[in-house]
Amino acid sequence: MVYLGLNKLFFFKRKMNFILLLVVVIFSSCQNDDTRFLPKTNEVCFQLISGEHLSVSETQSNLLTIRRGRLGPLETFYIEDKKGALVKIKTQKGHYLNYMDDVLTVSPERSSTHEVFRLVPHKEYFKIQTLKGKNLTLNKENILTISNTGGVLLRVGEVDIYPASWYSIKEIRVLPFVCQTGLFILVTYLFFRVFKNRVKTNRTSFCTVLVLGFILIFAIINTKHWETNSIIENDTISYYEYLPAAVIFKDLSFEFKNNLPEDFNGTIWVNRHEETGRHFPITSMGLAYMYLPSFLVGHAAANVLGYTTYGYSNPYKLALLIGCWLYVFMALFYLRKILLTYFSERVTILTLVSITLATNLFFYTTIENTMSHAYSFFLFALFLWQMIKWHKAPKILTTIALGLIIGLISLVRPTNALIALVFIFFKVESFATLTEKVMFFWKFKWHILVLIFFGLVAWFPQLAFWKYATDQWFFFSYGDDNNFYFNNPHILDGLFSYRKGWLLYTPIMVFALAGVLFIFKKERKWFLPLLIFITLNTYIMYSWWCWWYGGSFGSRPMVDSYALMAIPLAAFYTYFDKKAIYLRIFPILLIVLATGLNLFQTQQSKTCLHWDGMTKEAYWSNFTTLGYPKGIDDMLDVPDYKKARQGIDEYEGSF
């Protein structure tokens with residue numbers, strides 16, 4: 001007993017020393033000098049709070065303007081003669097910024113006095129001033145000038161030209177790769193230390209999840225999206241704004257948007273209710289629940305590290321990225337448990353790799369990972385695992401968990417409430433088993449009532465907010481011009497079109513759909529719920545007025561259900577797994593080809609795969625390139641959003 005006590009004391013001291021070391025490392029990076037947010041390199045870019053970059057005008061090369069988009073030569077500058085906060089700024093052509101009589105120019109003419117600027121720090125931002133204290137200002141024509149008033153806040157960032165393919169072995173940066181791989185090995189070792197008593201069998205699939213998790217986090221870290229304005233944008237703005245409104249500004253009326261601080265570095269999108277006059281986001285708050293842990297970590301880090309604390313600076317963005325990764329990482333563990341319940345470990349491994357690397361889940365985990373889809377993937381996986389447990393042995397805690405999860409699933413994306421049909425029809429194989437299922441529900445009717453009650457509990461904050469903002473408990477916040485057209489669905493377009501066809505851009509799902517037939521023989525208890533869910537989900541998703549779902553890679557609403565689609569995909573692989581050795585190679589070859597296509601097109605999605613205007617001609621003209629083919633603008637067919645909102649066939653489709 002004495003030995004055990006000493007041993008526990010030893011491990012406690014070791015943990016405390018590790019925590020103390022971590023705290024020292026964190027706080028040692030919290031410098032207080034004025035240039036701590038300047039990059040170490042002299043090659044920099046200047047970015048406004050709103051996301052645009054300072055750029056040398058292409059038409060008037062002696063003027064500075066702003067531009068949104070990818071960095072190029074015109075957005076690259078060099079800082080020289082750093083003397084505290086005093087700098088000289090040079091363009092890539094070797095021309096210096098200078099000023100005379102309040103006019104800012106970029107020219108080869110030299111003036112030693114008027115070339116020197118002062119960088120005035122504010123949190124992670126800077127103002128550029130002349131030596132006489134005048135500010136760099138943006139005029140109505142988006143031209144940079146010198147003025148006594150105002151002054152724009154700028155982020156001074158490092159210019160980092162990322163490789164065209166960060167998954168290309170020849171372009172991987174050796175030192176970061178070695179460090180991240182070493183960290184992965186350490187984490188893997190610690191995982192096995194913690195879970196070695198639980199993972200006594202099927203350890204290969206456990207390791208597979210760890211490797212997949214490493215691949216995802218490696219992609220996230222090396223794309224560095226937290227350094228840009230590409231994290232909290234588009235739909236995410238509405239999902240996220242509940243958090244800064246409630247936690248930071250403490251104003252869910254959103255009146256604070258009329259008096260934002262000068263250094264507020266985000267965007268608030270709200271509509272105004274005509275009758276009450278109050279403001280409300282267009283989306284529900286389900287995703288804000290999911291963001292909350294990351295938001296709180298980011299808020300604490302921003303306070304400690306000296307960033308702006310309105311909810312939109314780099315610590316918040318990085319925390320959101322890591323948070324999304326954790327959700328997907330946990331989802332893969334749940335999915336592994338689900339698959340091992342019905343399939344072999346070999347099939348489980350093949351399915352996990354397929355879902356993670358060969359579908360657009362990869363894109364929505366590593367690139368646009370603040371959209372709702374990766375979070376819904378986690379919730380679906382968690383729901384399915386709890387559902388399986390509940391049908392084996394209904395317990396009140398499992399029932400409560402199911403109620404909260406289904407409530408959260410529908411709150412994140414209301415159409416995903418269809419997953420409840422899987423719960424209802426699970427294990428229904430015939431009319432006789434349907435009767436048995438009804439009797440089973442009746443036997444546990446109090447559990448069903450508890451499930452419904454906790455589903456409503458998850459929704460209650462949203463209902464209360466709608467009541468406050470609109471004086472209605474139930475409110476369609478999307479407005480009159482965002483509708484489903486069930487009499488005019490675009491199912492063939494949604495599945496096969498070059499614009500956003502699900503099966504065109506994610507062809508591995510063809511075999512998941514084929515697997516529904518195999519599931520009839522392998523695990524018939526899943527056949528009816530899968531058939532009902534896939535049919536209704538496809539019909540409803542592609543009855544939305546914007547059936548291509550705006551800017552996306554592939555058909556993004558289908559990502560949510562990939563945890564469920566993994567089951568028929570595993571059934572498809574199982575069929576070949578029992579065949580001769582030369583047939584067993586087919587699933588592996590299929591996964592390799594589908595993964596290569598998916599990763600390559602993930603890269604293309606930020607260049608030559610247009611976000612909503614792809615056509616057959618545009619698709620095949622750049623099928624093997626990462627750049628912009630000549631004349632691609634003439635190949636695109638941009639949607640007519642006005643007609644689409646009215647339910648008119650603005651696009652005939654192309655297969």
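The values are calculated or read from the model by the stated rules, or taken from the named source; none is laboratory data. Treat the numbers as computed from the prediction; the structure is a model and nothing was measured. Cβ sites come from the backbone with ideal geometry, for glycine too, and all protein chains shown count toward neighbours.
Filter the stretch 196-239 down to residues that are of a type in the set (Val, Ile, Thr) and in contact with a Lys or Arg (Cβ under 6 Å, 6 or more places away or on another chain) and give me whichever is modelled with the highest pLDDT.
209
If we scan the stretch 116-127, do we find a residue that is of a type outside the set (Asp, Glu) and either assigned by TED's automatic domain parsing to the domain that holds residue 263 or more than 19 Å from residue 150 (Cβ to Cβ) (or both)?
yes
Restricting to the stretch 291-344, give me the number of residues that are more than 20 Å from the chain's Cα centre (by Cα), surrounded by 22 or more Cβ atoms within 10 Å (Cβ to Cβ) and free of Cβ contacts under 8 Å to residues at least 40 places away in the same chain.
Total satisfying the criteria: 1.
Modelled with pLDDT of 85 or more, part of a helix (DSSP H, G or I), of a type outside the set (D, E, K, R) and assigned by TED's automatic domain parsing to the domain that holds residue 282: does that describe residue 243?
Judged against the criteria, residue 243 is a match.
If only one of 530, 513, 536, 492 is under 28 Å from the mean Cα position of the chain (by Cα) and either crowded, with 19+ Cβ neighbours inside 10 Å or not assigned by TED's automatic domain parsing to the domain that holds residue 362 (or both), which one is it?
Exactly one of 530, 513, 536, 492 is under 28 Å from the mean Cα position of the chain (by Cα) and either crowded, with 19+ Cβ neighbours inside 10 Å or not assigned by TED's automatic domain parsing to the domain that holds residue 362 (or both), namely 530.
Of all helices (runs of 4 or more DSSP H) completely enclosed by the stretch 537-652, which ones contain at least 1 residues that are touching a Lys or Arg at 6+ places or on another chain (Cβ under 9 Å) and closer than 30 Å to residue 409 by Cα?
Ranges flagged: 562-577.
With respect to residue 317, is the statement that it is outside any loop (DSSP other than H, G, I, E, B) and in contact with a strand residue (DSSP E or B) (Cβ under 8 Å, 6 or more places away or on another chain) true?
Taking the combined requirement at face value, the residue does not satisfy it.
For residue 347, are the conditions met, namely being touching a Pro at 6+ places or on another chain (Cβ under 9 Å) and in contact (Cβ under 8 Å) with a residue 40 or more places away in the chain?
Answer is yes for this residue.
Looking at the structure I just gave you, is residue 272 surrounded by fewer than 20 Cβ atoms within 10 Å (Cβ to Cβ), at pLDDT 90 or above, in contact with a strand residue (DSSP E or B) (Cβ under 7 Å, 6 or more places away or on another chain) and not assigned by TED's automatic domain parsing to the domain that holds residue 467?
Judged against the criteria, residue 272 is a match.
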